[in-house]
Structure formats: structure tokens, C-alpha cells
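Here's the structure, in C-alpha cells; my notes come after.
The values are calculated or read from the model by the stated rules, or taken from the named source; none is laboratory data. Quantities reported herein were computed from a predicted structural model and do not represent experimental measurements. Counting neighbours? That spans all protein chains shown, and the Cβs are built from the backbone with ideal geometry, glycine included. The protein model used for the area step is the full one, side chains on, heavy atoms only, and it has no ligands, DNA or RNA in it. Shrake-Rupley method; radii C 1.70, N 1.55, O 1.52, S 1.80 Å.
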Amino acid sequence: RASGSVPTAVGAMREAIRGYQAELIAKNDSLTSLSQAVAQSPISIVIASRDAVVEYANPCFYELTGRSADATIGQPCGVITGAFIPEPWRSEVQRAVVQAEPWSGEIVWARGGGRPLHARILLSPIRDGAGALSNWLFIMEDVTQQRALEQQLVQAQKMEALGTLAGGIAHDFNNILTGILGHAHILNLEGRL
């Protein structure tokens, strides 16, 4: 009788192992998809340790900032430490870091070659299963072109307002001149001029 239960136990173990393998394969596929999405993201993504040391940066970060992996990985994350954040936001970022809270805002950053980079950034804590801070997520989106277009729009609106003002002044001046010329013509007809 004992010999009959061994094959049953072995069969149950095989089924359990197959189920576990299928679960691992599904998790691996999910992690692979997530990894590819982060690596191919058109938005810059950096993951730093809870002590603000950069552990990962996706290709978009390097392209956007002009920095190399050697100058980034293992270095302090300047956004988390406040090095790249202008006042008055620096104190806001430092408060968020101390309290392990998310923060978002816009900064102007000098990228490689000294060209300014207007960036919308999000700094967010990553927590482990117990709720403790394990890492930081830093996301940066280039909005330089959008800010340039906004500046062009503001300039165009200023020019339009100036044109409207000049047209209004010219119209009013024309009305005054018409009155003066009309009176001068009448006076001329009466022989007073």
C-alpha cells in the first residue's frame, strides 16, 4: 500500500513543479516586457538607491543629458541631492526627500555642450513590500521645444497687440486729421485761408 502512495506523491510534486515553472516563466516574461519598456521609453528614467546613488539610467537619459554611463552610474543623483534644482524648489525637493514623498516641477539644466534643457521632472519614492523606502525613481521629460514655442507665441501676441495699438492710433489720428482738413477746406472756400 505504501508503494501506491509514492507514485501519487511524485505525480503531485510534478504538477506542483510544473505550476511553479509556469508561474516563473510568466513572471520572467512580465519582467522582460517591463525592462524593455523602460529601456525604450522616450522619457528619461533613472533609478537611484535610497541614498541617492544612481543605479540605472535608460538610454533616453544619456541622449537627453549628453552624459555617459561612466559619469552617471554610481554617482549621486543631483536631482535628489538638490544639486540641479534651483531655489526655491531646492528646499521643496529636500523636504520631499526627507519625508520620502513624490515631487514634481520644471528645471532648466545645462546639458552637454552647454545648451539649456528645460525639463519637467518627477521624483518618486519606491517602497518595498513592507512599505520602507528602497529606491528613488527620477523621470525627466524634455520640454525645451514646448517652452521655445510658448516664447514664440508670447512674442507673436505682443507683436499683434502692438500692431493693433498702432492701427488704433493711426485710425484715431486719421479721424482728427479728417476733421482738421474738413474745417480747413471750408475756411478755404470762404476765403479765410
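Couple of notes before you dig in:
- Selection of first residues in region 169-193 that are at pLDDT below 85 and of second residues that are open to solvent by 100 Å² or more (accessible area, probe 1.4 Å), restricted to Cβ pairs under 7 Å at least 6 apart or on distinct chains, gives the following pairs, ordered by first then second residue: ALA184/LEU193; LEU187/LEU193.
- Hits in region 127-174 (condition: open to solvent by less than 80 Å² (accessible area, probe 1.4 Å) and among the polar types (S, T, N, Q)): SER134, ASN135, THR144
- Positions within region 91-112 being part of a helix (DSSP H, G or I) and either open to solvent by 80 Å² or more (accessible area, probe 1.4 Å) or touching a residue at least 12 places away in the same chain (Cβ under 8 Å) (or both), in sequence order: GLU92, VAL93, GLN94, ARG95, ALA96, VAL97, VAL98, GLY112
- Some residue of region 92-103 being more than 16 Å from the chain's Cα centre (by Cα), aliphatic (A, V, I, L, M) and under 27 Å from GLN40 (Cα atoms): no
- Condition met for ALA184 (surrounded by 10 or more Cβ atoms within 10 Å (Cβ to Cβ) and over 26 Å from the mean Cα position of the chain (by Cα)): yes
- Applying the set (1) closer than 30 Å to SER49 by Cα; (2) touching a strand residue (DSSP E or B) at 6+ places or on another chain (Cβ under 6 Å) to ARG147 leaves exactly one unmet item: (1).
- Residue in region 78-90 that is aliphatic (A, V, I, L, M) and surrounded by fewer than 14 Cβ atoms within 10 Å (Cβ to Cβ) present: yes
- For region 9-57, the tally of residues that are open to solvent by less than 80 Å² (accessible area, probe 1.4 Å), within 23 Å of ALA100 (Cα to Cα) and either outside any strand (DSSP E or B) or not aliphatic (A, V, I, L, M) (or both) stands at 6.
- Verdict on GLU63 being touching a Phe, Trp or Tyr at 6+ places or on another chain (Cβ under 8 Å), open to solvent by 70 Å² or more (accessible area, probe 1.4 Å) and in a helix (DSSP H, G or I): no
- Considered as a group, the residues in region 113-126 that are over 20 Å from ALA48 (Cα atoms) and open to solvent by less than 80 Å² (accessible area, probe 1.4 Å) include one that is nearest to the chain's Cα centre (by Cα), and that residue is HIS118.
- ILE73 vs. criteria farther than 22 Å from THR144 by Cα and in contact with an Asp or Glu (Cβ under 9 Å, 6 or more places away or on another chain): yes
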